[in-house]
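Scroll down for the structure; my scribbles are underneath it.
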Amino acid sequence: MDALSEDLELLPATRRSLRHRIAVAQSEGRAPSVVAAVVRGGEVVWEGSATSVEGHGPDGDVQYRIGSLTKTFTAVLVLRLRDEGLLSLADPLEKHLPGTGVGEVTIAQLLSHTAGLAAETPGAWWERSSAQLRPELADVLGEVPLRHEPGRRHHYSNPGYTVLGSLVEALRGMSWDEALRAEVLEPLGLTRTTSLPHAPHAGGWAVHPWADLMMPEPLEDLGIMAAAGQLWSTTGDLARFADFLLRGDARVLSPESLREMRTSAAPPEPGAAELGYGLGLQLLAHGGRRLVGHSGSLPGFVAGLWLSEADDVAAVVLANVTSGLPAATVAAELVGLVADAEPRFPQPWRPFRAEDEVPLELCGTWYWGTSPHVVRLRADGSLELGPTAATGRTARFRPGSDGSWTGLNGYYAGETLRAVRRGDGSVSHLDLASFVFTRDPYDAQAPVPGGVDPQGWRGIG
């Protein structure tokens with residue numbers, strides 16, 4: 001094996017740390033059971049559980065209810081509709097699902113919880129009452145569905161994802177459940193992810209706050225609210241789903257669309273640990289890392305799934321208790337335990353191939369006004385532009401077929417960089433979003449905006 005190809009198997013000390021964290025979570029969280037899995041490099045490298053029933057620990061095939069983790073699956077369905085050209089994320093809801101009373105909100109706002117809809121439904125607590133109380137979308141939205149002006153702030157909304165489920169049904173001509181099974185679950189091989197429980201599955205429990213006693217929670221079918229929190233799944237299936245969220249799958253959703261889902265579309269609430277919300281994905285800062293995933297809960301169950309793209313590590317934690325065990329926090333800690341104990345090997349440096357055409361004339365120092373910047377070309381085809389100083393706007397660019405470059409991050413994300421050539425083919429300057437970069441500070445031979453003083457550089461007279 002290549003020294004840098006990495007043996008995916010975890011070290012004994014790391015495995016013990018993971019087992020210990022799960023044992024502490026089950027004990028201190030007073031959960032009947034907790035089950036977890038860690039994914040690294042696309043493979044499940046650790047599974048563990050802790051239980052109050054001696055000799056009967058759950059494994060990666062036991063179903064738990066995953067609550068709002070369901071929203072990420074719903075978001076994948078909506079992005080598929082976008083990628084097929086059936087809708088634009090900028091479309092108002094009314095264009096595809098008329099008559100809701102909130103037709104002015106956009107698809108993107110619903111996905112990112114910025115549509116301004118109420119957090120919960122009118123009437124009885126929907127997670128613990130019969131779906132027959134909410135047979136129609138109007139029953140979910142209520143008479144006053146908006147709490148904020150659309151687009152102004154992040155406000156988590158379960159009704160918002162119910163609307164997205166109805167949107168999927170309207171455009172697919174089938175139920176949300178049927179679409180999910182055909183378009184996501186079956187292609188990814190998630191055979192143990194279902195709308196209703198299939199044995200073996202855990203029962204949901206509430207634990208008395210002041211005594212070590214338990215009470216079973218009712219297991220309600222959520223009906224029209226299914227797209228917001230219906231699913232049951234296993235750590236085995238969610239481990240595969242986590243890897244899909246990182247790498248993509250041509251049968252379901254491209255890496256580019258998943259990168260879009262993982263990008264912040266809504267700012268965080270003040271004082272929150274979250275970094276914001278993407279399109280169906282929560283963004284979290286934890287232990288100096290940027291994590292992407294989702295938490296979930298329904299009466300009797302808590303769930304958490306987080307992945308670190310930089311470390312190529314993901315973790316899933318499921319438990320069958322209403323409260324007391326912070327499954328999402330524990331999942332984030334498992335990611336950190338593995339990433340800290342066994343850092344990812346960097347990809348080996350490799351030069352360009354002999355047959356590659358490399359625009360070497362772009363490399364080196366360029367000046368935006370008097371500020372020196374450096375352009376570097378990488379063997380993967382990307383271009384990097386950044387200031388030589390410690391601070392400033394740094395960005396990566398991907399090449400286009402017309403010789404231009406498109407920004408991938410930061411201030412220049414989506415902006416176009418072009419090398420402007422003279423009549424003899426040599427590069428005069430770089431044009432980036434109206435900024436002119438020249439080989440010399442304020443090069444008089446380049447079209448510097450505002451022109452260059454004809455007397456040039458000079459000292460004090």
Being among the β-branched types (Val, Ile, Thr), at pLDDT 95 or above and farther than 15 Å from residue 301 by Cα is the filter here; which residues of the range 25-59 pass it?
38, 39, 44, 45
Go through the residues of the range 435-458 one by one and say whether even a single one is under 34 Å from the mean Cα position of the chain (by Cα) and not β-branched (Val, Ile, Thr).
yes
Specify which of the listed residues (407, 450) is under 25 Å from residue 352 (Cβ atoms) and not assigned by TED's automatic domain parsing to the domain that holds residue 259.
407
Does residue 350 fit the bill of being of a type outside the set (S, T, N, Q) and touching a helix residue (DSSP H, G or I) at 6+ places or on another chain (Cβ under 6 Å)?
no
Only one of (1) within 16 Å of residue 236 (Cβ to Cβ); (2) at pLDDT below 95 is not met by residue 3, so which one is it?
(1)
Confirm whether residue 22 is within 15 Å of residue 337 (Cβ to Cβ) and either buried (at least 23 other Cβ atoms within 10 Å of the Cβ) or of a type in the set (A, V, I, L, M) (or both).
yes
Test: residue in the range 194-216 that is of a type in the set (Val, Ile, Thr) and under 30 Å from residue 99 (Cβ atoms)
no
Restricted to the range 430-447, and to residues that are free of Cβ contacts under 8 Å to residues at least 60 places away in the same chain and surrounded by fewer than 16 Cβ atoms within 10 Å (Cβ to Cβ), which residue is farthest from residue 404 (Cα to Cα)?
444
Residue by residue through the range 268-289, note down the ones that are in a loop (DSSP other than H, G, I, E, B) and modelled with pLDDT of 80 or more.
278, 279, 280, 281, 287, 288
At negative phi, part of a strand (DSSP E or B), modelled with pLDDT of 95 or more and of a type in the set (Gly, Ala, Ser): is that true of residue 242 in this structure?
no
When you look at residue 42, is it more than 23 Å from the chain's Cα centre (by Cα) and assigned by TED's automatic domain parsing to the domain that holds residue 203, yes or no?
no
Number of the exception - residue 252 against (1) more than 24 Å from residue 86 (Cα to Cα); (2) among the β-branched types (Val, Ile, Thr); (3) within 20 Å of the chain's Cα centre (by Cα)
(1)
Residue check: is residue 86 assigned to a helix (DSSP H, G or I) and either under 22 Å from residue 170 (Cα atoms) or modelled with pLDDT of 95 or more (or both)?
no
Which of the residues belonging to the range 327-351 are modelled with pLDDT under 95 and surrounded by 14 or more Cβ atoms within 10 Å (Cβ to Cβ)?
344
Residue check, residue 290 against (1) free of Cβ contacts under 8 Å to residues at least 24 places away in the same chain; (2) surrounded by fewer than 23 Cβ atoms within 10 Å (Cβ to Cβ); (3) closer than 25 Å to residue 163 by Cα, all met but one. Which one?
(3)
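The values are calculated or read from the model by the stated rules, or taken from the named source; none is laboratory data. All values derive from a computational prediction rather than experimental measurement. All Cβ positions, even for glycine, are placed from backbone atoms using ideal geometry, and neighbour counts span all protein chains on display.
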